[in-house]
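Reviewing the structure listed below.
Values in this text are rule-based calculations from the coordinates and carry no lab data. All values reported here derive from a predicted model rather than from experimental measurement. Here the Cβ positions follow ideal geometry from the backbone for every residue, glycine too, while neighbour counts run over all protein chains shown.
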Amino acid sequence: MDARIEEWFAAAGPREAELRRVDALVVAAAPGIDRQLVPAGSGRMLGYGLMPYRPRSATKTATWPLVALAARKRHLSLYVCAVVDGEYLPEARAGRLGRVSCGKSCIRFTSLDRVDRVELTALLQDAVAATRAGANAYSAG
């Protein structure tokens, strides 16, 4: 395993075990997906599946992770950057994901035990499949 990723997990202190559980779920849902640390504000997130991305305000296409995991002050955030058929997958499926809070691309929870893991796994698999098929409008570049 990448030493920098191990350092990132260890730096999470009491959240380390929960981050590792979520990481294991993501890797199991998307076998072979690449993992690397990506900048996020003043810190870093664990990113999975880099894809082309160009924000509306940018003139050049960069890369951004399809999925990203971050530890926040009061919760964990799992970002799933997938827009399929005009809908952000996390937002569209929020009601099926368990006791979570969702934004367009963000799923927030305090423990993986509060998340419906079957639904989250399906969401991750659908996001990967849509991206591989070229049907993820989030990655437009």
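Rounded to the nearest 20 debye, what is the charge dipole size of the range 72-141 about its Cα centre when +1 sits on each Lys and Arg Cβ and -1 on each Asp and Glu Cβ?
Numbers: 11 positive and 7 negative charges, 90 e Å.
That gives a dipole near 440 debye.
Tell me the net charge near Leu97. Cut-off is 10 Å between Cβ atoms, Leu97 excluded, with +1 for each Lys or Arg and -1 for each Asp or Glu. Don't jump to the answer; show the numbers that get you there.
On the way: positive: Arg93, Arg96, Arg99, Arg114, Arg117; negative: Asp116, Glu119.
Net charge in that neighbourhood comes out at +3.
Under the classification rounded if a/c is under 1.5, otherwise prolate if a/b is larger than b/c and oblate if not, where does the range 97-141 fall, given a ≥ b ≥ c as square roots of the Cα gyration tensor eigenvalues?
Oblate, since a/c reaches 1.5 and b/c is not below a/b.
Just check the range 3-139 against the gyration tensor rule for me: Cα atoms, a ≥ b ≥ c as the square roots of the eigenvalues, rounded for a/c under 1.5, and otherwise prolate or oblate depending on whether a/b exceeds b/c. Walk me through the intermediate numbers first.
Details: a/c = 1.57, a/b = 1.17, b/c = 1.35.
It is oblate, given that a/c is not under 1.5 and a/b is not larger than b/c.
Which residues in the range 63-87 place their backbone N less than 17 Å from a point set 7 Å from the Cα of Ser101 along the Cα-to-Cβ direction?
Correct set: 70-80.
Just check the range 29-92 against the gyration tensor rule for me: Cα atoms, a ≥ b ≥ c as the square roots of the eigenvalues, rounded for a/c under 1.5, and otherwise prolate or oblate depending on whether a/b exceeds b/c. Mind showing how you got there, number by number?
Numbers: a/c = 1.31, a/b = 1.14, b/c = 1.15.
Since a/c stays below 1.5, the shape of the range 29-92 is classed as rounded.
Once you have the Cα-Cα distance between Ile5 and Ala62, take 0.36 nm times their residue separation minus that, and quote the gain in nm to one decimal.
Details: separation 57, 0.36 × 57 = 20.52 nm, distance 2.18 nm.
Taking Ile5 through Ala62 to full extension adds about 18.3 nm, to one decimal.
Using Cα-Cα distances under 8 Å and only pairs 6 or more residues apart, what relative contact order does the range 37-141 have, in percent? Show your work: numbers first, answer last.
On the way: 183 pairs, mean separation 25.2, N = 105.
Rounded, it is 24 percent for the range 37-141.
Would you mind checking which residues have amide H under 5 Å from Thr61's amide H? H placed 1.01 Å from N; only 5 or more apart, or other chain.
When sequence neighbours closer than 5 places are left aside, there are no close amide H contacts.
Any idea what the dipole of the chain comes to, in debye rounded to 20, about its Cα centre with Lys/Arg Cβ at +1 and Asp/Glu Cβ at -1?
440 debye
Taking the chain as a Gaussian network, where each spring joins two C-alpha atoms under 10 Å apart, which residue of Ala130, Ala82, Ala11 fluctuates the most?
Highest fluctuation of the listed residues: Ala11.
For every helix of n ≥ 4 consecutive DSSP H residues, a contribution of -39,500 (n - 2.57) applies; sum these over the chain, divide by its total residues, and give [θ] at 222 nm rounded to the nearest 500 deg cm²/dmol. List each step's numbers first, then the result.
Numbers: 4 runs with 43 residues, N = 141.
It comes out at -9000 deg cm²/dmol, rounded to the nearest 500.
Which order, highest average first, do 104-113, 25-34, 53-62 follow once you tally other Cβ atoms within 10 Å for each residue and take the mean per peptide?
Values: 104-113: 17.4, 25-34: 14.8, 53-62: 9.6.
Sorting 104-113, 25-34, 53-62 by mean packing, highest first, produces 104-113, 25-34, 53-62.
Work through the residues other than Cys106 whose Cβ is under 13 Å from its Cβ and net out their charges, Lys, Arg +1 and Asp, Glu -1.
Values: positive: Arg72, Arg93, Lys104, Arg108; negative: Glu91.
The answer is +3.
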